[in-house]
Each structure stands twice: as C-alpha cells, then as structure tokens.
Amino acid sequence: IVAFGKHGGREVNYSSDLDLVYVLHENIEESLEPVAVRFCETLGRALEDPMGRGKLYRVDLRLRPYGAAGPLLAKFRAYQAYYELYAEAWEVQALLRSRVVWGSDGLRKDWEQLRKTTCFGRPLSEVSLDAMLAMRERIEQTCSANDIKRGAGGIRDVEFIGQILQLATGLDPAEPTTLRVLTELGRTGRLSKSDCEILARGYEWLRKLEHRIQFEDSRQTHEVPTNGPALMKLARLMNEGSAEDRKSTRL
C-alpha cells in the first residue's frame, strides 16, 4: 500500500483524504489477484464507510495510473512502465511525496528506487516545468479568493515551490515534509535562508488556520468563512481575537 499526497508527506490534516495506491508483487499467483482486489475494496470500506461515531478517513484512489479509469491495483512492473512511458508532469510531481506504508522490505526498496529514478533520473525539462506551472495556474483560477489552500499565496504555493526546486536541483531529504524541504533548501543554498524562513512561517500559520477551519464537523474545506460570527469564532481559535474574546475560548 503506497501513500501519496499529505499522507505520503506525513502532513495529514484533520480532514485530509488518504491518497492510496495498491501494488501487487510480481510473483503473486494469478489465482490470488481477485483475492487482493477484494481485500483492497474491503479495506477502503473499513476506512471510509460511516459507523456509529462517524467514519475514520476519506479514501482517494485516483492517483493510481490512468486515474479512476485504471485498475484498482496492478503489479509493480506495470507501475514502472507507466511512469517511464505515460506519466504526465503533475504525476511525477505527485510521486515525489509517495512512500510504502504497508508491504515487504523488498517492495519498499523497489518503490523508493522507482520514485528516485522517475523524479531525479533526468533533469527537469522546460516542457515539464511549463506543464506544472500551467496546472497550478488553472487550479488557482478555479478556486475561491478565500481558499487558503489552492488560492494565490496559499498552502499549495509553498508546497509547489519546494517540490519544483526539489525536482530541479535533485534535493531529496530523508524526511519529505514541506518544512524539512524548506530547511534543506536554505541550508544548501538552493534558496536564500531568509526566503525559506518567510515561507516556513507563512506555511505553519496557514496550516494552523486550515486545521482550525476543519475542526467543526470534520469539514473538508479550506475556505475562510465570510460571515461575522463564524469569522470571529475562527479568530478566537487562532488566538487572534481580542483578550476579552480569548477568555471565553478553549484552544
């Protein structure tokens, strides 16, 4: 089981999806493949279906090759072939934050080698960079001005800067969190330390704000509310209200 996105980068929110991809060993018997499919389906239901006190997580399987149209799981060599021949620029960028969260040591090593080869085996081309920038621009144009994740200057922008510089310079720290990447970019001179510190402070504040927005009912939203009472409540949770307001709020 391979985690992508926030789960792959060890940065899960209160209301994050779990972006998962399922990989079969090459030597698995053909008769066991349907069993593996049923297992993956059952695991997804166990994580996602509502229970007495709600559900555990939202599961998103669309980062697998060919997205929702692709098979639920495939053998490792099929993933190798896909990333070598068909993967788009944004899929390579997504692969950067992937890791095996359950599986054999052999598969962990194979996947890590696939990740390194795909992401760092060749220089980042201008074509790939232009494609990534174009997708980022499209996302920004379709979101609300109050969206602190996908909007201009939001969470995704900080992550995007770090990931692009990773791909362009070959930076691959053992701990792939955004804050660690920013630290390493500054330490190695790939980006000025002052810029990295500004980005890190902004990122930490925005992530805190994102968590506070999602506190209530595990809402999967990244938009700052616009009505007065909700905005005041959020300010109190962020410890940004007046001293009098904060007295009545348990953080």
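The values are calculated or read from the model by the stated rules, or taken from the named source; none is laboratory data. Note that the coordinates shown come from a computational prediction; the quantities given were computed from them, not determined experimentally. All Cβ positions, glycine included, derive from the backbone under ideal geometry; neighbour counts span all protein chains shown. The protein model used for the area step is the full one, side chains on, heavy atoms only, and it has no ligands, DNA or RNA in it. Shrake-Rupley method; radii C 1.70, N 1.55, O 1.52, S 1.80 Å.
Please work out if residue 64 is under 15 Å from residue 23 (Cβ atoms), assigned to a loop (DSSP other than H, G, I, E, B) and under 20 Å from the mean Cα position of the chain (by Cα).
For residue 64, the condition - under 15 Å from residue 23 (Cβ atoms), assigned to a loop (DSSP other than H, G, I, E, B) and under 20 Å from the mean Cα position of the chain (by Cα) - is met.
Going by what's in this entry, would residue 139 be described as within 21 Å of residue 198 (Cα to Cα) and of a type in the set (A, V, I, L, M, F, W, C)?
Here the answer is no, as residue 139 does not meet what is asked.
Starting from the stretch 63-85, keep only residues that are within 22 Å of residue 6 (Cβ to Cβ), then list their pairs with residues that are basic (Lys, Arg) and not in a helix (DSSP H, G or I) whose Cβ atoms are within a distance under 6 Å, requiring at least 6 positions of separation or different chains.
What qualifies is 68/62; 70/64.
In the stretch 92-111, what residues are surrounded by fewer than 17 Cβ atoms within 10 Å (Cβ to Cβ) and part of a helix (DSSP H, G or I)?
105, 106, 108, 109, listed by residue number.
Quick check: anything in the stretch 181-197 out of contact with any Pro (no Cβ under 8 Å at 6 or more places or on another chain), open to solvent by 40 Å² or more (accessible area, probe 1.4 Å) and in contact (Cβ under 8 Å) with a residue 40 or more places away in the chain?
No, the stretch 181-197 contains no residue that is out of contact with any Pro (no Cβ under 8 Å at 6 or more places or on another chain), open to solvent by 40 Å² or more (accessible area, probe 1.4 Å) and in contact (Cβ under 8 Å) with a residue 40 or more places away in the chain.
Picking from 45, 38, 53, 10, which residue would you name as being surrounded by 12 or more Cβ atoms within 10 Å (Cβ to Cβ) and charged (D, E, K, R)?
Of 45, 38, 53, 10, the one residue that is surrounded by 12 or more Cβ atoms within 10 Å (Cβ to Cβ) and charged (D, E, K, R) is 10.
Picking from 133, 114, which residue would you name as being outside any loop (DSSP other than H, G, I, E, B) and touching a Phe, Trp or Tyr at 6+ places or on another chain (Cβ under 8 Å)?
Among 133, 114, only 114 is outside any loop (DSSP other than H, G, I, E, B) and touching a Phe, Trp or Tyr at 6+ places or on another chain (Cβ under 8 Å).
Restricting to the stretch 73-89, give me the number of residues that are of a type in the set (Gly, Ala, Ser) and not in a helix (DSSP H, G or I).
Residues in the stretch 73-89 being of a type in the set (Gly, Ala, Ser) and not in a helix (DSSP H, G or I): 2 in total.
Being surrounded by 19 or more Cβ atoms within 10 Å (Cβ to Cβ) and either in contact with a Pro (Cβ under 6 Å, 6 or more places away or on another chain) or of a type in the set (Lys, Arg) (or both) is the filter here; which residues of the stretch 133-178 pass it?
Once the filter is applied, which keeps residues that are surrounded by 19 or more Cβ atoms within 10 Å (Cβ to Cβ) and either in contact with a Pro (Cβ under 6 Å, 6 or more places away or on another chain) or of a type in the set (Lys, Arg) (or both), the stretch 133-178 yields 149, 156.
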